[in-house]
Amino acid sequence: MNDFDEPFDNEVDSYYQKVKADVESSGYHLNPDIEFTLELLKSILINKKRYGYGACPCRLASGEMDEDMDLICPCDYRDPDLVDYGACYCALYISGEILSGEKKLQSIPERRPSPEEREKIKETSNNIPTELSKPVWRCKVCGYLCARDKPPEICPICKVSSERFERFM
Ligand code: SF4
């Protein structure tokens, strides 16, 4: 990064390579409009520098990581939007159907719940009773489940970090 929070071209390029490898291993694709994609990735890197986390480039971040955990790219809403619309809210990630032209990109409604709804969801997930020998953790991005004492450091499917897991059972 330089003094103006702008990432250097080589930082954007290496981020692009990493994100592309991660996303293709999970069966999705980056938007093939390379200029558009690089601009979005650059904005995520700027957010990383500004807030300390890579908030979604198409939404207003609060600047509080706890508040915005669901908006760290890839956000919690990526996979349901890919299923319903074939693209995430920013159209950074797209499905095979969109890539092949079988389905057309359309505008995607915001699926993020209101702050009040998010608070209720958090309370519900903190109060799950369990009689299992191990807690079950769910990746909030891709839905991967695992039963172990703690969530994995990195999700083996979508590669997000342990903070993106919630106690499921
Ligand atoms: S997955 Fe798409 S919508 Fe979600 S944070 Fe990343 S760029 Fe934004």
Query raised in the report: For the range 40-152, which helices (runs of 4 or more DSSP H) that fit wholly inside it have 1 or more residues that are among the small types (Gly, Ala, Ser) and out of contact with any helix residue (DSSP H, G or I) (no Cβ under 7 Å at 6 or more places or on another chain)?
Result: 96-100, 115-126
Query raised in the report: Does the range 35-47 include one or more residues that are at pLDDT 95 or above, open to solvent by 70 Å² or more (accessible area, probe 1.4 Å), more than 13 Å from the ligand (Cβ to nearest atom) and farther than 22 Å from Lys140 by Cβ?
Result: yes
Requested in this report: State whether one or more residues within the range 50-59 are modelled with pLDDT of 95 or more and touching a Gly at 6+ places or on another chain (Cβ under 6 Å).
Outcome: yes
Requested in this report: Look through Ser125, Ser133 and report the one residue that is open to solvent by less than 40 Å² (accessible area, probe 1.4 Å) and either modelled with pLDDT under 90 or closer than 16 Å to Asp22 by Cα (or both).
Outcome: Ser125
Report task. Sort out which residues of the range 1-53 are hydroxyl-bearing (Ser, Thr, Tyr), in contact with a strand residue (DSSP E or B) (Cβ under 6 Å, 6 or more places away or on another chain) and without any contact (Cβ under 8 Å) to a residue 60 or more places away in the chain, and write them in order of number. Result -> Thr37, Tyr53
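Answer with yes or no whether Val19 is assigned to a helix (DSSP H, G or I), buried (at least 18 other Cβ atoms within 10 Å of the Cβ) and on the phi < 0 side of the Ramachandran plot. First the steps, then the outcome.
Details: assigned to a helix (DSSP H, G or I): yes; buried (at least 18 other Cβ atoms within 10 Å of the Cβ): yes; on the phi < 0 side of the Ramachandran plot: yes.
Against the criterion (assigned to a helix (DSSP H, G or I), buried (at least 18 other Cβ atoms within 10 Å of the Cβ) and on the phi < 0 side of the Ramachandran plot), Val19 qualifies.
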Query raised in the report: Restricted to the range 65-97, and to residues that are surrounded by 22 or more Cβ atoms within 10 Å (Cβ to Cβ) and of a type in the set (Val, Ile, Thr), which residue is nearest to Leu30 (Cα to Cα)?
Result: Ile94
Query raised in the report: Is there a residue in the range 63-78 that is under 21 Å from Lys159 (Cβ atoms), β-branched (Val, Ile, Thr) and more than 8 Å from the ligand (Cβ to nearest atom)?
Result: no
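Across the range 146-156, what is the number of residues that are surrounded by fewer than 12 Cβ atoms within 10 Å (Cβ to Cβ) and in contact with a Lys or Arg (Cβ under 7 Å, 6 or more places away or on another chain)? Give the derivation first.
Residues of the range 146-156 that are surrounded by fewer than 12 Cβ atoms within 10 Å (Cβ to Cβ), as a first pass: 148-150, 153.
Right, trim to in contact with a Lys or Arg (Cβ under 7 Å, 6 or more places away or on another chain) and you get 148-149.
Result for the range 146-156: 2.
The values are calculated or read from the model by the stated rules, or taken from the named source; none is laboratory data. Quantities reported herein were computed from a predicted structural model and do not represent experimental measurements. Ideal geometry is used to build each Cβ from the backbone, glycine not excepted, and the neighbour counts take in all protein chains shown. Please note that ligands, DNA and RNA were not included when accessible areas were found on the heavy atoms of the full protein model with its side chains. Shrake-Rupley method; radii C 1.70, N 1.55, O 1.52, S 1.80 Å.
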